[in-house]
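Q: Structure provided below as structure tokens; questions to follow.
Each value in this text was obtained by applying a stated rule to the coordinates, not by laboratory testing. Quantities reported herein were computed from a predicted structural model and do not represent experimental measurements. Cβ placement follows ideal geometry from the backbone for every residue including glycine, while neighbour counts extend to all protein chains displayed.
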Amino acid sequence: MLQGMPSICNRPVLDLTEYPHRRLNPLTGEWVLVSPHRTRRPWQGQVEKAETEKAPAYDPSCYLCPGNPRAGKERNPLYERTFVFENDFAALLPQTRREVYALGRSGLVRAEGEAGICRVVCFSPRHDLTLGRMTDQEVLAVVDVWVEQYLDLGNRPQLSHVQIFENRGAMMGASNPHPHGQIWASSSLPNEPAKELASQREYAEKHGACLLCDYLALEIQVGERTILENADFAAVVPFWAVWPFEVLVLSRRHVGGMDQLSPEERLALADILRRLTSLYDRIFNAPFPYSMGFHQRPTDGCAHPCWHLHAHFYPPLLRSSTVRKFMVGFEMLGSPQRDITPESAAARLRETTET
Ligand code: H2U
Ligand code: ZN
């Protein structure tokens, strides 16, 4: 060995609880900066209003409650379980032509027409419920609707991707407390799934295995970032989490979408979603805002065997129901950064499940 060269065995192991470090998100290929020494920093910044008001079971002024008029001319039916309608203010329109706009020949200024369909999914006729306060059977009805929608929209030749998501809470831009989510199906693959597709494909080619199957096996083995488990799903704070209480929900079986789940697995998904969202509400004893969504295989006509079904939960809260994390400064210009480690967030979530 060369003089002065440290041997691999003597190389100090990075202490992830003490020293600033960056962690790789293998799904996107991006890095997150973790600064565990910074958690004792005093906070004198913005304090948000906590959402405490108790909603009524029916709100005559709610545009999602059964029988009520919406902003357009439509009126909702007297639905009893779930209800899906075309978004009256859709961000994507089905008839848009995929024409290209380009300034010069350099490719520097370029636009493409983007066609799509946007829908709203009411999870329940009850204005005052949340996924966390519904029964497993009621959440299962929502999972069934998501599957129907994924198949209906995904089977259309002009739509390559179906994004199912929920914005919960005013802090995340939800316009209404009535339990609901959205679906945006688009003709091209949006940025995040495009990065995830490239990473999952590359990993499968290099290792002959699935990136998220391998990752889940590691997390189950170590156990320090797992939050909730059942026979078919697990919820973990991913090693590379950006948001303080970010969670990744993974199917144990390698499936590319919710449509490939067995009836038992659909129920297990409902169980994990209900338990996770109710756990979130107990962290700060207040309704916990988040954006969540499923990443399923693209619907562009290719099989995408590398794709592993998962859901991301991105909650903005940091240290109480009124103090949120901001993505500013270095995070906008450099990389995202967090102070509390994913391991301590996972421990906090696990302690909450026990109490
Ligand atoms: P959010 O709460 O996540 O914003 O979802 C509500 C959606 O409902 C929003 O996209 C639509 C908005 O465009 N909407 C209607 O389609 N009809 C209405 O009458 C009001 C709101
Ligand atoms: Zn309502």
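Q: Given 20 °C and 1.002 mPa s, compute D for the stretch 169-291 with the Stokes-Einstein relation, Rh being the Kirkwood radius over Cα pairs; round to the nearest whole µm²/s.
A: 130 µm²/s
Q: Further question: Tell me, what is a quarter of the convex hull surface for the C-alpha atoms of the stretch 62-164, in nm² with one decimal?
A: Across all orientations, the stretch 62-164 yields a mean hull projection of 8.9 nm².
Q: Now a separate question. Among the helices of the chain (complete DSSP H runs), which have Cα atoms covering no less than 27 Å along the helix axis and a Kyte-Doolittle mean of at least -1.0?
A: Helices meeting the criterion: 263-283.
Q: Please arrange 13, 145, 236, 100 by how many other C-beta atoms lie within 10 Å of their C-beta, fewest to most.
A: 13, 100, 145, 236
Q: Let's test this: bin the Cα-Cα distances of the stretch 212-259 at 10 Å from zero up to the farthest pair and state each bin's percent.
A: That works out to 26, 57, 17, 0, in percent per bin.
Q: Using the alpha-carbon centroid of each, what span in Å lies between the stretch 206-244 and the stretch 84-149?
A: About 27 Å separates the Cα centre of the stretch 206-244 from the one of the stretch 84-149.
Q: Antiparallel DSSP bridges in the chain: what percent, to the nearest 5?
A: Roughly 95 percent of the DSSP beta bridges within the chain come out antiparallel.
Q: Same structure again: On the Cα set of the chain, report Rg and Dmax in Å, please.
A: Using the Cα atoms of the chain, the pair Rg, Dmax is 21.8, 80 Å.
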